[in-house]
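Read through the structure below, which is laid out as structure tokens, and then see the notes.
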Amino acid sequence: MVQEPEAVEVRLAERSYRILIGRGCLAEAARFLEPFGNICHAVVVADGNVAERYARPLAKQLAQRVARVNLVEVPPGEPTKSVAEADRLWNTLLRLDTDRQSWVFAVGGGVVGDLAGFVAATFARGLSLVQVPTTLLAQVDSSVGGKVAVNLPGAKNMVGAFWQPRLVLIDPATLQSLPVREYRAGLAEVIKYGMIADPEFFAYLEAHVPALLAGEPAVLQHIIRRSCQIKAEIVGQDERETSGRRAVLNYGHTFAHALEAISGYDQFLHGEAVAIGMHCAARLAAALGLLDRAVVERQARLIAAIGLPLQAPGYDASAWIQAMRHDKKVSAGKLRFVLPRGVGCVELVDSVPEDSVRAVLTEIA
Ligand SMILES: NC(=O)c1ccc[n+]([C@@H]2O[C@H](COP(=O)([O-])OP(=O)(O)OC[C@H]3O[C@@H](n4cnc5c(N)ncnc54)[C@H](O)[C@@H]3O)[C@@H](O)[C@H]2O)c1
Ligand SMILES: [Zn+2]
């Protein structure tokens, strides 16, 4: 079923762009590029898990209106977000006679989006970029907001840029081939949007758990669109993370990043760590008297119904706290968290006493 895509507008000071969301839209990608005029050269970057299935058909489709189209494959997995891989890609672009009129299409999950986006931001001082996210996490989070980056050993996303795409094309049908664990992990970010901004959306998620788990098209379309709207609105208010408004997107993430670090990045998918992190944050908020315990339970019920974890057994609270003090979003080693006050409402709380944090982690770990 091909459906006319819905558009979410991302309004930024310098340049605005659209996120198009629609089942089957990739099969008509060339049509959505018409507003941009003549494009002479496109480089489609994808990882090995999506290259044949989605990137090659997209490249063929683009060839209808782009004179020269190249397909470049990178290895799947987080290690691909490296300076070495960016270097390889820069040199590949050079060999392909890429210039400032060329466009980069990033087809895949957040890894390809961040790497190809970073390379697009830097090659020849910046190329036009189209994000074509194919994981739920990338469709609701990483492809929206313009952050692109590669990792340094031991420092995730340390070298990067803000580089807004010209267009984001989301085809929810691509999620059919996504491993179910990856899909559920993406739902953690969707739950996050309900908690930080929209109680009605949160209630919608609660009411549609079986349909969510089955990936029902109408439900997928709704959750992707609403998530993109919420993120776009927040990013529009704080494009470069200077006013603090964008910090609410980090709900659950201070706990999550630290858990990912102490578990060596191979125990939990990011979304799984975020689910645990949101549960920690809610419990912490309740312990500090900021949140009704009933809300802690309500969020926990939804997380569990989706099949996401709430606990991280066996991790040491001290190591976890230590890792949180090293988070690059933590100012001067202070323990600072985005905490819920209710469903759809969060606030940034500074200088949280370590004892309160330790008490929560001791229950979770
Ligand atoms: N830029 C941002 O604002 C931002 C926000 C959140 C996360 N991120 C980054 O995103 C990355 C994680 O992204 P991710 O979760 O999408 O991981 P990912 O890109 O590694 O994709 C997960 C796995 O799914 C495979 N895959 C992708 N689409 C598929 C499909 N449709 N069918 C079958 N397999 C498919 C990939 O090859 C990979 O093996 C992290 O590096 C994180 O730092 C960036
Ligand atoms: Zn996240």
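Every number in this text was worked out from the coordinates using simple rules, so none of it is lab data. Only a predicted model underlies this, so the values are computations on that prediction, with no experimental measurement involved. Note that we place each Cβ from the backbone using ideal geometry, even for glycine, and neighbour counts take in every protein chain shown.
Packing-based ranking of 208-217, 128-137, 24-33, 229-238 yields 128-137, 229-238, 24-33, 208-217, ordered from highest to lowest mean Cβ neighbour count within 10 Å.
Which one, Arg53, Arg18, Arg283, has the greatest fluctuation when you compute a Gaussian network model over the chain with C-alpha springs under 10 angstrom? Comparing Arg53, Arg18, Arg283 in the GNM, the peak value goes to Arg53.
Our summary gives the chain a relative contact order of 14 percent, counting only alpha carbon pairs under 8 angstrom and 6 or more residues apart.
Using C-alpha pairs below 8 Å separated by at least 6 residues, the relative contact order for segment 6-176 is 25 percent.
In segment 303-365, the alpha-carbon atoms span a convex hull of 113 Å³ per residue. The orientation-averaged projection of the convex hull spanning the C-alpha atoms of the chain amounts to 16.6 square nanometres.
Relative to the current alpha-carbon distance between Glu233 and Leu348, full extension at 0.36 nm per residue lengthens the span by 39.6 nm.
Loop-located trypsin sites (Lys or Arg not before Pro) across segment 84-178 with a Cβ neighbour count of 13 or fewer within 10 Å are Arg100, with loop assigned by DSSP.
For segment 35-41, backbone phi angles converted through the Karplus equation (6.51, -1.76, 1.60; θ = phi - 60°) give residue-by-residue couplings of x, 8, x, 6, 10, 8, 9 Hz, Gly and Pro being listed as x. Under 5 Å from the amide H of Leu71 lie the amide H atoms of Val44, each residue being 5 or more positions distant or on a separate chain, with H modelled from the backbone and absent for Pro and chain starts. Positive end of the charge dipole of segment 125-198 (Lys, Arg +1 and Asp, Glu -1 on Cβ, about the Cα centre): tell me which of Leu127, Gln176, Ile196 has its Cα farthest that way. The Cα lying farthest towards the positive end belongs to Leu127.
Loop-located chymotrypsin sites (Phe, Trp or Tyr not before Pro) in segment 218-280 (DSSP state other than H, G, I, E, B) with a sparse environment of at most 16 neighbouring Cβ atoms within 10 Å: Tyr265. Stretching Ala359 away from Gln267 to a fully extended chain increases their span by 30.8 nm, per 0.36 nm per residue minus the current alpha-carbon distance.
In terms of its alpha-carbon gyration tensor, segment 6-176 comes out rounded; the largest-to-smallest axis ratio a/c stays below the 1.5 threshold. Under 12 Å of direct C-alpha separation, and excluding same-chain neighbours fewer than eight residues apart, Lys156 reaches these aspartates and glutamates: Glu78, Asp114, Glu260, Asp327. The modelled label-to-label distance for the pair Arg100/Ser16, using points 7 Å beyond Cα in the direction of Cβ, is 2.6 nm. For Thr134, nonlocal amide neighbours, meaning residues 5 or more places apart or on other chains whose placed amide H falls under 5 Å from its own, are Gly108, Gly109. The HN-Hα couplings worked out from phi for segment 74-86 by the Karplus form 6.51 cos²θ - 1.76 cosθ + 1.60 (θ = phi - 60°) are 10, x, x, x, 3, x, 5, 7, 10, 5, 4, 6, 4 Hz, whole numbers, x standing for Gly and Pro. For the chain, modelled as a GNM whose springs connect Cα atoms under 10 angstrom apart, the maximal fluctuation among Val74, Val140, Val119 occurs at Val74. Shape class of segment 229-365 from the Cα gyration tensor (axes a ≥ b ≥ c, square roots of the eigenvalues): rounded, since a/c falls below 1.5. A straight line joining the Cα centroids of segment 73-128 and segment 266-281 runs 28 Å.
Gain on full extension, evaluated as 0.36 nm per residue between Arg293 and Glu182 minus their Cα-Cα distance, stands at 37.0 nm.
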